Amino acid sequence: MRRLPPFLLLFAFALFTVTCNTPRQVSKGPAQEKDPRWLAVDSLSEQGLYASALERTELILSDAQEKGDWRVEFQAWTYRMAFQRVTGVEVDSSLRAMEARAATSGTPLKQLLHSELAESWWERYRSQRWMILERTNMQEEGDDPATWTQATFMAKVIAHYRASLDAPKDLKAIPVGELGPLLAGGKDIHLRPTLFDLLAHRALAVYRNSETRLSEPAWRFTLDDPRDFDLFEPFIFRQLQHRDSTAWEFQAMRLYQSLEHAHLSDDAPDALVDVTLQRLDYVHERSTLPEKDSLYLRALGTLQSRVINDSCWAEVIVAIARWHAEQGEKYQRLAGDAWKWEKRTARALCDSAIVRYPGSFGATNAMAMKARLERGALAVHIEEAVAPEAAFTMGLSYTNTPKVHLRVVKDPVQINGEHRQDREEWLTKQKAVREWSVALPDDGDLNEHVIELPVEGLPFGHYTILVSDSSSFTYHQDIIAYASFWSTNMAMVDRYHGKDLDLLVLDRTSGSPKEGVKAMAYVRNRDQTGIRRFIGVSEFSTDKEGMVRTDLKGEKGEVLWSLKEGNDEYISGSRWMYPYEREEQEHVRTYLFTDRAIYRPGQTIFFKGIVVAQNGTNNMVKAGFKSTVRFHDANGQQVDTLVVTTDAYGSYHGSFTAPMAALTGRMLIDDGQGTAAVQVEEYWQSGPPSSWFSIRPGSTAKLGQEATVSGVAKSYAGAPLDGAKVCGP
C-alpha cells in the first residue's frame, strides 16, 4: 500500500499568496496547538496504518458533530477523505458524503465544505481530463461521474465555488484568525483578513482558468470595455450585467468587485492594492481591446499615485516594471531599436521601489526582478567539425557579460562511454589546450547580443570549448557555457539507397572523395539485459568515389559511423536507420468545441480548443503551444485559417464565417491535432426547434406540419424551391 507523505493532509485553502507587508493587527482565534487526538491519527498514518487512522478520524468526526465544533469537524472531513482514498473507498462516494453534510450544515462549515468540494471535483476532472473530453453531449448523463461531460464537471465545480461564497456578510465578519488550527498563515496574513477573502481567492484561481468553459455562444461575455480597467468606486459600483452571466470571466469580475468593495474602507490599503493588481493583470491578459496596454499602464499609474505614502506603492511600481520587462522581450537585434531600452526602464523602476520602501515586500520583489534583469547569460555556437590546423570562428550569445574567458580542452569520445552526470565539472578540471580572454561590447541595454570570435587552429581530435564570465571557471558559481566539436579533415553524408544505406566520405577542405577511409557502422538496440548499446555490425573501406554501400545485415535502430584515416578520426552523431520501436513519446491532441452544432451561411462560427499532451498515463494541458486552425468547406476545400497560441491553461479560441456562396453541409475545423465538425445549412425556424424542417426537391409540405428531413431547403419556407411545392396552411 502506498504510504502517505506527512504533509498530505495540509489544507489547500490555508496556503495563499500575498503581495504587501504593511503590519496590521489580526484577530486571533483559538490556540494553534495540535489537538492530541490528531497527533495519534498522524502517528498511525506515518506507520502506514491507514484503516486504524480512519477509525480514529470517524470518532473525532462524530464527536465534533455532536458538540457543534465546526473547526474540528471540517478538519475531520478532510482527514476522512484522504484516508478513504488510500483504503479503497471510491472518491465519488467520499465526495457525495461531504456534499450531503454541506447541505445540512451552517456557516462557516457549509462554505468551507463547498470550497473543499469544488477543489476536489476540479482535481477529479483534471486527473481524468483525457477521458472526459472524449465524451460527447449526446451521451446520457446521470448521477454517475463516469458519464459526465466536461460541461457537467464544470457546472459542478462552479456551483460549489458559488456556494462557498454564500452569506458574504457573515464570511466577511469572520477573521482568518478564527480558523484556529486550520490556518497555516504567515506574516502576510493581513492580505486575506477574512474567511471571505480566503475562499474568494481560492475560487478566483479556477475562475481565471479558461478551461472551465469550452463551447461559447456567439453572444458570450468578453472583456471588451475600457471600464474594466477602472479603479476604486467607478469599478466597484459599476453594474455588471450580461445574458452570459455563467461565463467564468463574468464570475471573476463580479468576485473582484466584491473583494475590492470589502477593502475599500480599510485603514491600510494593502489588501485592496493586492486584489486590484490581480484584477488589472487578469483584465490586461484577457481584454480584447487593442489599446489594452495603454489602459493598463494608465490604471497602474493612477493606483501608484493614490498609495504613494504606503509600502504597497513599491508593489505597484514592480507591476509597472514587469510590463516594461515583458515589452523588452520583444526586442529583436535585426529589427531596429524598438523595445531596446525597455528592460533598462524596468530596472530603473525597481531601483525606485527599493530606495523608497526598503525592506518592504514590494522592494523584495523589485530586488528579485532587478537580479533577473541583470543576470548574465552565455551560449556557444560552433560547427560540429572544423578543418585541422586552420583558424575558425565560433558564435557567442551573451547577456550582461562585459568580458569572457575561453578555454579549449581535449574531450575524448568513447562509443558507449558512460554519460557523465558531472560533465561540466569534469570539463572545468581538464588541462587547457588554448586559453584566452575577450572584452565584449555592451551598451547596457540588458538584452542579448551575438558576436563571432576567432579561434586558433587545432590538431586532429575531439575538443570542447568553454566560455565563462570568470577566469576561475568555478563550477556552480561562475557562468559557464560550452560546446564540443571535431578537428578533422573528413566530412560525411549518408542516405538511403533502396533498403541500403549509402555513405559518402569527402575531404572537408577540397570536397574531393576520400578513398581507403575505414568506416565502422554501429547500431544501437537493447541487449539481453535491456540496456541500449551501440554494437559494431560491419566494417568497410571507402572506394575511389569515397563511397560505402551496405544494408548493414538487416539491422535496424539508431546508427552512427566511426571514420578513421591515419591519425584522423571522426565519429558521427546518431540517426534512426529503419522504423524502430522508439521510447514512449508525448502525444499531443486538441479537443475542439463550437458554440453550436448548426449554422446558416454567413453566420459566425465560434470555436475553442484545449490542447492536451499525454505521455503514458500522465496528461496535462500545453501552454504556449502554437498551431494553425484550418476551416474546410463541404468539398474539403480550405476556406480560412487562423494562427493560434494556447494560453496558460492550454486553451485557445477564435471564429470563422460560414461561407455564403458554397455548397452547404458538413464542414470541418482542424488544427492538425484534432477536428470538430459543424453543419452549415439554409433552414427556416417557425416556433420551437421541433418545427424546423427541410424540403427535398419534388416533395410537398405544409407550414406548421412536421416534414420528413431528407434534404436541405434552398430558400426560406414561403418561397417556392426548385422542383418543390410549398403549400400554405
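Quick notes on this structure:
- The order of Asp640, Asp266 by accessible area, most exposed first and with a 1.4 Å probe, is Asp640, Asp266.
- For the pair Ile451 and Ala103 in one chain, pulling the backbone fully straight at 0.36 nm per residue adds 118.5 nm over the alpha carbon distance.
- Tensor-based shape of the stretch 239-288 (alpha-carbon gyration tensor, a/c under 1.5 rounded, otherwise prolate or oblate): oblate
- Shown in residue order for the stretch 594-603 are the 3J(HN,Hα) couplings computed by the Karplus curve 6.51 cos²θ - 1.76 cosθ + 1.60 at θ = phi - 60°: 10, 6, 9, 9, 9, 9, 8, x, x, 7 Hz (x for Gly and Pro).
- Sequence ranges 601-607, 506-512, ranked by mean other-Cβ count within 10 angstrom, highest first: 601-607, 506-512
- The stretch 665-683 and the stretch 81-103 have Cα centres lying 41 Å from one another.
- Between the beta carbons of Asp35 and Arg162, assuming R0 = 30 Å, the FRET efficiency works out to 0.40 to the nearest 0.05.
- Cα gyration tensor shape of the stretch 45-101, rounded if a/c is under 1.5, else prolate or oblate by comparing a/b with b/c: oblate
- Exposure rank, largest accessible area first [Lys67, Lys564; 1.4 Å]: Lys67, Lys564
- Coil-residue GluC sites (Glu not before Pro) of the stretch 305-358, DSSP, other Cβ within 10 Å capped at 16: Glu329
- Per-pair calculated FRET efficiency, R0 = 51 Å: Glu329 and Lys564 via Cβ, rounded to 0.05: 0.60
- Inter-probe distance in nm under a simple model that places probes 7 Å from Cα toward Cβ, at Val89 and Arg596: 4.8
- The stretch 389-437: GluC sites (Glu not before Pro) in DSSP coil with no more than 16 other Cβ atoms inside 10 Å: Glu389, Glu418
- Sparse-neighbourhood loop sites, trypsin sites (Lys or Arg not before Pro) in the stretch 596-641 - DSSP loop, at most 15 other Cβ within 10 angstrom: Arg596
- Stretchable slack from Gln679 to Tyr496, in nm (0.36 nm times residue separation minus alpha-carbon distance): 61.3 nm
- Environment charge at Asn400 (Cβ cut-off 12 Å; Lys +1, Arg +1, Asp -1, Glu -1): +1
- Descending by average beta-carbon neighbour count within 10 Å, the peptides 167-179, 104-116 line up as 104-116, 167-179, the highest first.
- Residues with amide H under 5 Å from that of Gly48, placed H, sequence gap 5 or more: none
- Cut-off 14 Å between beta-carbons: net charge of the residues surrounding Arg434, Lys and Arg +1, Asp and Glu -1: -1
- These residues, Met660, Met394, go from largest to smallest accessible area, 1.4 Å probe, as Met660, Met394.
- Pairs beyond 28 Å (Cα-Cα), from Lys172/Lys292; Lys110/Lys622; Lys292/Lys622; Lys340/Lys403: Lys172/Lys292; Lys110/Lys622
- The stretch 455-467 - phi-based ³J(HN,Hα) in whole Hz, Karplus 6.51/-1.76/1.60, Gly and Pro as x: 10, 5, x, 9, x, 3, x, 10, 10, 10, 9, 10, 10
- Whole-number percent relative contact order across the stretch 198-341, with pairs defined as alpha carbons under 8 Å at least 6 apart: 22
- Using θ = phi - 60° and Karplus 6.51 cos²θ - 1.76 cosθ + 1.60, couplings along the stretch 247-255 (whole Hz; Gly, Pro as x): 4, 4, 5, 5, 4, 5, 5, 4, 5
- Residues whose amide H lies under 5 Å from that of Met492, counting only those 5 or more places away or on a different chain, are Leu506; hydrogens are built 1.01 Å from N in the peptide plane.
- Length released on extending from Lys544 to Asn416, taking residue separation times 0.36 nm less the Cα-Cα span: 43.0 nm
- Cβ-Cβ FRET estimate between Ser484 and Asp337, R0 fixed at 51 Å, reported to 0.05: 0.90
- Under-5 Å amide H pairs with Gly674, H placed in peptide plane, nonlocal only: Thr590
- Cα-based shape type of the stretch 70-172, given that a ≥ b ≥ c are square roots of the gyration tensor eigenvalues and the cut on a/c is 1.5: oblate
The values are calculated or read from the model by the stated rules, or taken from the named source; none is laboratory data. Keep in mind it's a predicted model, so treat the numbers as computed, not measured. Here Cβ is always computed from backbone atoms with ideal geometry, including for glycine, and neighbour counts include all displayed protein chains. These area figures cover heavy atoms from the full protein model, side chains too; ligands, DNA and RNA do not enter into them. Shrake-Rupley method; radii C 1.70, N 1.55, O 1.52, S 1.80 Å.
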